[in-house]
Amino acid sequence: MALVIDVYQGNSDAAFRGGDAVAQLDPVVMVSAMAAVTTSVSFGITGSTTYIPPYLLARTWGTLDHMTKGRIAWNIVTSYGSKSSNALGFDKVTPHDKRYLEADEYMEIMYSFWEGSWEDGAQLWSPEKGAYDPSKIHKITYNGEFHKTSAFSQSHPSPQRTPILFQAGSSKAGKQFAARHAEAIFVGGGDPVEIGKMVKEVRALAAQEGRDPEDVKFFPLLTPILGRTLEEAQAKHDVAEKYVDWEGGLAMLSDFTGLDLSKFPPDEPIKFDDAVGENNIQTMVNALRNLAKDGMTLRQLGHDFAFLGFGCIPIGTPDMVADVIENWIEVADIDGFNLGYVSNPGSYEDIVELLIPVLQERGIMWKDYASPGGTFRENLYKKPGSKTLPLNHRGAQFRYDVLKKEYADENGHIIINKGEGVPPNKQ
């Protein structure tokens, strides 16, 4: 949940001037409209496990999966700052590692609703037999340490059942969570060697979870600035750079780290210590520490972050940028890119008109969807017909035929007891 930021200078002035996380519309409404005029492109929306009740998120994303015909993803986040807690009426911010413990329970509830509440064949729509078969629809009761719910899933199974699962954590707890749940991971940083180390680490953790490591896809940030000549590309860069608001960049970084960077001299090398709280985005905290070692000033840092963030920024002709992309694929073993922009829609028009034809010619990028008009999962894995979670994914263990062996009561409903002080289910 993006809210107006207010850590820098103790107010939101720099954020408003820089246009950072301001005037953002509800993506659920926007995606519903976008899906109506597209057939193959897929959509991802961020949803917090910290503040959105599990039942509501399960219903909303299940509805979106129906409306998009299976072209929806959930970008899973745990909310780190006081802005969201204050806006939604919560008294305090949950500590970092505890948020991931809460999120693990949250995911079990999601899987239970999406995978276990309705069996295949529950929809009858028959004048003789009725609309639904009650013997195939099961109430989910979950008593956890952090979350509780007791309800039938309100929506019948969508094309994917569980949407594609994105995540972006880079802390120890975040990586373990990603290895257990994520199908696609956003990663930040401009060094393919370092990104490659993370890719290898998380895939190894995924294997320990019993998953196929190649089922975890990685997407680093890439912001190409393209021109038909190097001079044209450089000119686009120079024009965009004129409008950079360095204080707007520091306002964002202050929010991400929980540290008011206005208290430090802007034109002296950063002296960054461990004063950052644990409830913030660890990717940004680690990046800031590394930049401090390089002697960067806050003004430079704010400028660079406001301009293009902490990602790869190739500037040049389509062939020059394609060379960079090929190197990333080889060195980091990544699966695609999270594309940034310096001009909208100009940057994306350049990617479509200049870069993609070169990538297709080199055989780096596909020329059509693996499953035109298909689900996000079919196209992500390039496996037409594979709409639901792989059998070795954690969520597949919450399908009814698996859950009923341990958690079904005499009426066939599912009861999962895991919380402190709650009698556990018989093992």
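The values are calculated or read from the model by the stated rules, or taken from the named source; none is laboratory data. Quantities reported herein were computed from a predicted structural model and do not represent experimental measurements. Cβ atoms come from the backbone with ideal geometry, glycine included; neighbour counts cover every protein chain shown.
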(message) Going through His181, His147 one at a time, which residue ends up being in contact with a Pro (Cβ under 7 Å, 6 or more places away or on another chain) and modelled with pLDDT of 95 or more?
(response) His147
(request) From the list Ile72, Ile109, Ile76, Ile45, pick out the single residue that is in contact with a strand residue (DSSP E or B) (Cβ under 8 Å, 6 or more places away or on another chain), in the same structural domain as Ile416 (by TED's automatic domain parsing) and without any contact (Cβ under 8 Å) to a residue 40 or more places away in the chain. (result) Ile45
(message) So the check is Cβ under 7 Å with 6+ separation or different chains; which pairs have a first residue in the range 246-271 that's crowded, with 16+ Cβ neighbours inside 10 Å and a second one that's part of a helix (DSSP H, G or I) and of a type in the set (Val, Ile, Thr)?
(response) Thr257/Val285
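Does Gly44 qualify as being farther than 26 Å from Ile415 by Cβ and part of a strand (DSSP E or B)?
Numbers: farther than 26 Å from Ile415 by Cβ: yes; part of a strand (DSSP E or B): yes.
So Gly44 fits the description; yes.
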(request) Scan the range 183-209 for residues that are out of contact with any helix residue (DSSP H, G or I) (no Cβ under 8 Å at 6 or more places or on another chain) and farther than 14 Å from Gly311 by Cβ and jot them down. (result) Lys197, Lys200
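State all residues of the range 205-239 that are part of a helix (DSSP H, G or I) and touching a residue at least 24 places away in the same chain (Cβ under 8 Å); if no residue qualifies, say none.
Leu205, Ala206, Gln208, Asp215, Leu230, Ala233, Gln234, Lys236, His237
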(request) Counting only residues that are closer than 30 Å to Ile315 by Cα, give me the helices (runs of 4 or more DSSP H) lying completely in the range 336-415 with at least 2 of them. (result) 346-350, 356-361, 376-381
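Can you tell me which residues in the range 1-36 are part of a helix (DSSP H, G or I) and modelled with pLDDT of 90 or more? Quick ask: steps written out before the conclusion?
Kept after step one, since they are part of a helix (DSSP H, G or I), are these residues of the range 1-36: 8-10, 13-18, 27-36.
Once the filter is applied, which keeps residues that are part of a helix (DSSP H, G or I) and modelled with pLDDT of 90 or more, the range 1-36 yields Pro27, Val28, Val29, Met30, Val31, Ser32, Ala33, Met34, Ala35, Ala36.
What are the residues in the range 342-351 that are at pLDDT 95 or above and surrounded by fewer than 16 Cβ atoms within 10 Å (Cβ to Cβ), if any?
Of all residues in the range 342-351, those at pLDDT 95 or above come to 345-351.
Of everything in the range 342-351, those that are at pLDDT 95 or above and surrounded by fewer than 16 Cβ atoms within 10 Å (Cβ to Cβ) turn out to be Pro345, Gly346, Tyr348, Glu349.
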(request) Only residues that are within 22 Å of Thr50 (Cβ to Cβ), buried (at least 17 other Cβ atoms within 10 Å of the Cβ) and either of a type outside the set (S, T, N, Q) or not assigned by TED's automatic domain parsing to the domain that holds Gly419 (or both): list them for the range 117-150, please. (result) Ile140, Tyr142, Gly144, Phe146, His147
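From the list Lys405, Lys367, exactly one residue is without any contact (Cβ under 8 Å) to a residue 40 or more places away in the chain, within 30 Å of Met67 (Cβ to Cβ) and of a type outside the set (A, V, I, L, M, F, W, C). Which is it? Break it down stepwise before answering.
Values: Lys405 fails: within 30 Å of Met67 (Cβ to Cβ).
The conditions single out Lys367.
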(message) Out of everything in the range 21-50 that is under 24 Å from Ala151 (Cα atoms) and surrounded by 17 or more Cβ atoms within 10 Å (Cβ to Cβ), what residue ends up being farthest from the chain's Cα centre (by Cα)?
(response) Thr50
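Take the conditions closer than 23 Å to Ile5 by Cα and assigned to a loop (DSSP other than H, G, I, E, B) and apply them to Phe146. Does it pass? It would help to see each step written out before you state the result.
On the way: closer than 23 Å to Ile5 by Cα: no; assigned to a loop (DSSP other than H, G, I, E, B): yes.
No; evaluated as a whole, the condition is false for this residue.
Please find, among Leu391, Leu359, Leu339, Leu354, the residue that is within 30 Å of Ala240 (Cα to Cα), surrounded by fewer than 16 Cβ atoms within 10 Å (Cβ to Cβ) and hydrophobic (A, V, I, L, M, F, W, C). First the steps, then the outcome.
Numbers: Leu391 fails: within 30 Å of Ala240 (Cα to Cα); Leu359 fails: surrounded by fewer than 16 Cβ atoms within 10 Å (Cβ to Cβ); Leu354 fails: surrounded by fewer than 16 Cβ atoms within 10 Å (Cβ to Cβ).
Leu339 is the lone residue from the list that is within 30 Å of Ala240 (Cα to Cα), surrounded by fewer than 16 Cβ atoms within 10 Å (Cβ to Cβ) and hydrophobic (A, V, I, L, M, F, W, C).
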(request) Return a yes/no flag: does the range 152-174 have any residue that is in a helix (DSSP H, G or I), out of contact with any Gly (no Cβ under 6 Å at 6 or more places or on another chain), outside the structural domain of Asp304 (by TED's automatic domain parsing) and under 17 Å from Ala332 (Cα atoms). (result) no
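Against the definition (surrounded by 19 or more Cβ atoms within 10 Å (Cβ to Cβ), under 21 Å from Val402 (Cα atoms) and in contact with a Gly (Cβ under 6 Å, 6 or more places away or on another chain)), how does His181 come out, yes or no?
Working: surrounded by 19 or more Cβ atoms within 10 Å (Cβ to Cβ): yes; under 21 Å from Val402 (Cα atoms): yes; in contact with a Gly (Cβ under 6 Å, 6 or more places away or on another chain): no.
So His181 fails the test.
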(request) Kindly indicate which of Ser254, Ser170, Ser262 is modelled with pLDDT under 95, polar (S, T, N, Q) and in contact with a strand residue (DSSP E or B) (Cβ under 8 Å, 6 or more places away or on another chain). (result) Ser170
